[in-house]
Amino acid sequence: MATLELVHLVLHSSHRPSAQVEFADGLTLIHGPSDTGKSFIASALDFMLGSRGMQDPTELANYQNVLLSLRVRGVEYTLLRAISGGRFFLYEGLHDEPPRDDKPRVLASQHAPGDSSLSGWLLQACGLAGNRLRKNARNETADLSFRDLAHLTIINETKIQSLDAPPFTGSVMTRTKETSALKLLLQGEDDTGLIAEPRSDDVRRLKNARLDVVEELIANTSQRLEGVPPSPELDDQLARIMSTLDSFEDIDRAASEERRRLTESIARNRVRVRATNLRRTEVAGLRARFGLLREQYELDIDRLEAIVEGGSLLGYFSSGSCPLCGADSQHQHRPELDLNTAELIPSVRAEQSAIRALLFELKATFDDLDVQDARMTRIRQGADQTIEGEQAIVRRLDGDRSGQIVERRLLLDRRTEVERSLLIHAQVRELESVRSRIDAESSAELTVQTTAIPSRIIDEFSTAIARRLTAWGYPADDVRYDRVRQDIYAGGQFRADHGKGARSLLHAAFTIGLADYCIERDLPHPGFVVLDSPLITYRAPDAQDWDEASLASIASRMYKDLEDNFFGQVIILENTEADGELGEASGDVRFTANDSGRYGFFPRE
């Protein structure tokens with residue numbers, strides 16, 4: 001039953017421009033670099049929904065009031081609160097500055113029955129007014145406050161990465177009430193009918209049994225720490241490992257850039273080699289054709305020389321009877337020959353001079369072709385040498401990178417081992433704390449606890465979570481919600497045992513799955529979800545060469561799923577943008593941290 005819809009958040013000042021952000025009624029993605037005010041938006045929304053304080057960046061000193069406009073079942077309202085906190089002022093309609101003429105309704109910041117407080121007014125809007133939650137082992141109950149639900153719908157960056165299970169805030173004193181709040185949303189039934197009936201004998205036996213169980217858990221868990229260094233030493237090891245991994249990333253980034261530059265240079269030089277080979281082939285063809293021309297010129301000179309010599313010999317013969325046939329001179333055909341050797345020789349010599357001139361020009365052409373061939377040969381040899389040298393460097397870089405991959409894998413394995421050891425230390429400390437609390441409990445506080453959430457509901461809720469994870473590209477074959485641990489089991493272990501990236505994604509799936517479960521079944525729920533940095537630290541298990549494009553692809557699958565398949569309102573604050581445009585109905589707010597576009601939530605000075 002989605003009833004609340006956030007419209008816009010405004011920080012107002014009487015002497016400077018307001019800081020404002022609008023929210024779509026479906027998906028709103030607010031993305032950009034760090035320190036641009038994204039996490040502050042989540043903190044300010046929580047502040048306007050009843051928390052005592054919010055983040056205090058330096059820019060906040062410039063503003064006096066916070067306004068949050070929202071729709072309640074289609075009716076528009078605006079809440080106003082001073083930066084310093086305190087009570088709320090409720091106005092009808094949407095406003096981006098304090099109305100001057102409208103008289104507001106005053107709502108107390110502390111929960112009170114009815115609608116005289118912000119919490120009571122919001123609970124009425126959600127259909128949850130008058131509900132009560134079990135708060136301790138004696139089955140004592142307390143009024144439901146909207147703050148009992150806020151941590152299930154507004155998830156800041158610290159909470160989304162926390163080791164605590166998603167329904168819990170981390171306070172041991174409120175775990176019972178927080179479990180009851182989750183049960184209320186999933187079942188639609190509160191704990192009004194509980195009756196506390198403490199029995200001292202049963203309580204005492206239960207206390208001893210609980211202590212025995214905790215002692216056994218402490219002993220079993222401590223055995224896993226044999227030979228493991230203490231927590232401070234592990235913290236130092238983890239810090240050194242992370243520093244080394246960061247340096248590897250810097251080295252790998254520089255090597256990748258150098259390899260890219262060398263690969264481009266090799267490609268250019270290979271093009272140069274092909275071009276010079278082609279030009280040398282063309283030069284060889286020209287030399288062959290010009291060689292044929294030179295031979296023709298030389299033959300022409302020899303032929304003309306023969307003509308001169310032949311003409312000179314003919315001049316020695318006188319007129320008379322032919323010595324061969326005996327014909328008289330008048331019967332011979334000498335007039336047709338009419339050979340004048342005096343004129344023949346100069347003409348032949350002139351023709352020979354012209355052909356020799358052409359031969360001289362042809363020699364210049366051959367010389368130019370020789371020069372071109374020599375230059376192409378030098379260019380090719382230089383390119384070949386450059387290619388060989390750069391290929392050697394690339395092979396060396398690839399060899400270094402292979403060694404770094406092995407070393408990085410060993411470091412990652414060591415990091416996992418250290419984090420697992422730190423987690424075991426934390427589990428031992430938590431168990432010891434539980435033992436101390438059990439030992440200090442009065443007998444009345446050890447009444448048997450109420451029945452857990454029914455298995456059918458747990459199974460349906462698990463399906464809702466798994467459906468989200470599958471759509472986002474996370475392996476979800478064994479995903480389930482464990483009603484004993486109140487945590488998500490996925491990938492062969494509980495969420496708390498994963499790294500912070502997987503913890504963030506699983507917490508996001510829990511929050512979206514819970515809202516989805518309630519909305520689909522018309523159960524009471526605020527109807528909106530705020531997620532701060534659900535993806536920034538996540539890396540897929542099978543990612544070998546992880547890059548920003550891979551993360552953007554996972555983000556896009558999440559955004560696409562929320563656009564198409566989620567019927568509430570979701571606001572995501574993230575560094576990563578989608579690798580494609582969002583739908584028209586979605587809000588895409590981009591912070592740039594520079595002079596191009598919107599600088600951040602706070603207007604730049």
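A few comments on the model shown:
- Residues of region 62-80 satisfying the condition of being aliphatic (A, V, I, L, M) and surrounded by fewer than 20 Cβ atoms within 10 Å (Cβ to Cβ): VAL72, VAL75
- Residue within region 217-225 that is modelled with pLDDT of 95 or more and either under 41 Å from the mean Cα position of the chain (by Cα) or under 17 Å from HIS507 (Cα atoms) (or both) present: no
- Looking only at residues in region 332-354 that are touching a helix residue (DSSP H, G or I) at 6+ places or on another chain (Cβ under 6 Å) and at pLDDT 80 or above, the one that is nearest to ALA306 (Cα to Cα) is VAL348.
- Residue satisfying all of: in region 380-389; surrounded by fewer than 16 Cβ atoms within 10 Å (Cβ to Cβ) and either in contact with a Pro (Cβ under 8 Å, 6 or more places away or on another chain) or not small (Gly, Ala, Ser) (or both); farthest from ARG280 (Cα to Cα) among these: GLU388
- Search result, residues across region 567-602 that are more than 19 Å from THR36 (Cβ to Cβ), surrounded by fewer than 20 Cβ atoms within 10 Å (Cβ to Cβ) and of a type in the set (A, V, I, L, M, F, W, C): PHE567, ALA585
- Candidates in region 150-172 are the residues that are in contact (Cβ under 8 Å) with a residue 60 or more places away in the chain and assigned to a helix (DSSP H, G or I); of these, the one that is surrounded by the fewest Cβ atoms within 10 Å (Cβ to Cβ) is VAL172.
- Filter pass, THR78 being of a type in the set (S, T, N, Q), out of contact with any helix residue (DSSP H, G or I) (no Cβ under 6 Å at 6 or more places or on another chain) and under 20 Å from THR158 (Cβ atoms): no
- When residues in region 552-595 are screened for being under 19 Å from ALA19 (Cβ atoms) and of a type outside the set (Val, Ile, Thr), 8 of them pass.
- Matching residues in region 217-232 - criterion: being loosely packed, with under 14 Cβ neighbours inside 10 Å and not in a loop (DSSP other than H, G, I, E, B): ALA219, ASN220, GLN223, PRO232
- Of the residues making up region 1-51, those that are closer than 22 Å to HIS525 by Cβ and part of a loop (DSSP other than H, G, I, E, B) are MET1, THR3, PHE23, ALA24, ASP25, GLY26, LEU49, GLY50, SER51.
- Region 173-188, subset in contact (Cβ under 8 Å) with a residue 40 or more places away in the chain and among the polar types (S, T, N, Q), residue surrounded by the fewest Cβ atoms within 10 Å (Cβ to Cβ): GLN187
- Test for THR176: is it touching a strand residue (DSSP E or B) at 6+ places or on another chain (Cβ under 8 Å) and not assigned by TED's automatic domain parsing to the domain that holds SER402: yes
The values are calculated or read from the model by the stated rules, or taken from the named source; none is laboratory data. Since this is a predicted model, take the numbers as computed values, not measurements. For neighbour counting, all protein chains shown are included, and Cβ atoms are generated from backbone atoms with ideal geometry for every residue, glycine included.
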